[in-house]
1. Let a ≥ b ≥ c be the square roots of the eigenvalues of the Cα gyration tensor of the range 7-91; is it rounded (a/c under 1.5), or, if not, prolate (a/b larger than b/c) or oblate?
2. Given Cβ point charges of +1 (Lys, Arg) and -1 (Asp, Glu) and nothing else, what value in debye, to the nearest 20, does the dipole of the chain about its Cα centre take?
3. Ordered by residue, what ³J(HN,Hα) values in Hz, to whole numbers, does the range 106-116 give under the Karplus form 6.51 cos²θ - 1.76 cosθ + 1.60, where θ = phi - 60° and Gly and Pro are x?
4. Roughly to the nearest percent, how much of the accessible area of the chain is carbon and sulfur, given a 1.4 Å probe?
5. State, to one decimal in nm², a quarter of the convex hull surface area for the C-alpha atoms of the range 52-110, i.e. the direction-averaged projected area.
6. Residue-wise, which Karplus ³J(HN,Hα) couplings in Hz belong to the range 158-170, taking 6.51 cos²θ - 1.76 cosθ + 1.60, θ = phi - 60°, and x for glycine or proline?
7. Counting only heavy atoms of protein chains, what accessible area per residue, in Å², does the range 19-78 have with a probe of 1.4 Å?
8. Protein chains only, probe 1.4 Å: how do His126, His78 rank by accessible area, largest first?
Amino acid sequence: MSPAIAKQDGKAQLRIICVSSLAENQEVVIASLDAEGKWSEHGTLTLRPSLVSDWMPSQAGELHLALRENNTLKSLCHFSLPADAGRVLVALVADTEKNTYEAQVANPVKSEFLKGSVLIFNFSTHTATILLGTKEEKVEAGQRSVAKPVMDDSRMYQTVVSYLDVEKKAVSCYDRYVSSNPNARNMLFLVPDKTLGIRVSSLPLFGEY
């Protein structure tokens, strides 16, 4: 394992990417529950849209993001880190109807999320087709995938996201030309939208793991 991605003091590390939040500057507690239902707190984090947190020491197993209410904690979201987690990315999308968060966990090393590549998180209920230049990628609902865009001579590529509706017709919901940065990793988030079917947003990651 490279020193750049090694566990810190024997612990896993996680980085939270908050795509959308239930409230602006919402303070949550990173915590775990034991078999008897007792909470252990591991830190706090203030969530806001488009947040990319610093790397935070963590632990393997099931973790919760929780609100502190009436001297106890109320879970808004839970996810699991594998025993060999190393450094892990956790993407969050707010579910305003349920007043919770949906989370997807990605190991950037195992998924080969290299510089110049795109990590696609599909939070929608549709199988999505993503065209990155001439590279086509299909990502099932609730899944994620890493793809390498095919750029043109000006180091740009077209990003087109579409899905099949109930009549099996292709519905295009995103079409942008993107300038590629060879020193960055890009994240693409596919989120449910009542009007568009899928709403798409992106965030870059710079630096090493």
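1. Values: a/c = 2.02, a/b = 1.09, b/c = 1.85.
Oblate shape, in that a/c is at least 1.5 and b/c is the bigger or equal ratio.
2. On the way: 22 positive and 24 negative charges, 73 e Å.
Computed about the Cα centre, the dipole is about 360 debye.
3. Karplus-based 3J(HN,Hα) across the range 106-116 equals 9, 8, x, 6, 5, 8, 6, 7, 8, 4, x Hz.
4. Numbers: 5270 of 11160 Å².
Carbon and sulfur: 47 percent of the exposed surface of the chain.
5. Details: hull surface 19.6 nm².
The number I arrive at for the range 52-110 is 4.9 nm².
6. Once θ is set to phi - 60°, the couplings for the range 158-170 become 8, 10, 10, 10, 9, 8, 9, 7, 5, 8, 6, 9, 6 Hz.
7. Values: 3370 Å² over 60 residues.
On a per-residue basis, 56 Å².
8. Working: His126 50, His78 110 Å².
I get His78, His126, largest accessible area first.
The values are calculated or read from the model by the stated rules, or taken from the named source; none is laboratory data. None of the values given here were measured: they were computed from a predicted structure. Because the Cβ atoms are built from the backbone with ideal geometry, glycine has one as well, and the counts that use them run over all protein chains shown. Note: areas computed on protein heavy atoms with side chains; ligands, DNA, RNA excluded. Shrake-Rupley method; radii C 1.70, N 1.55, O 1.52, S 1.80 Å.
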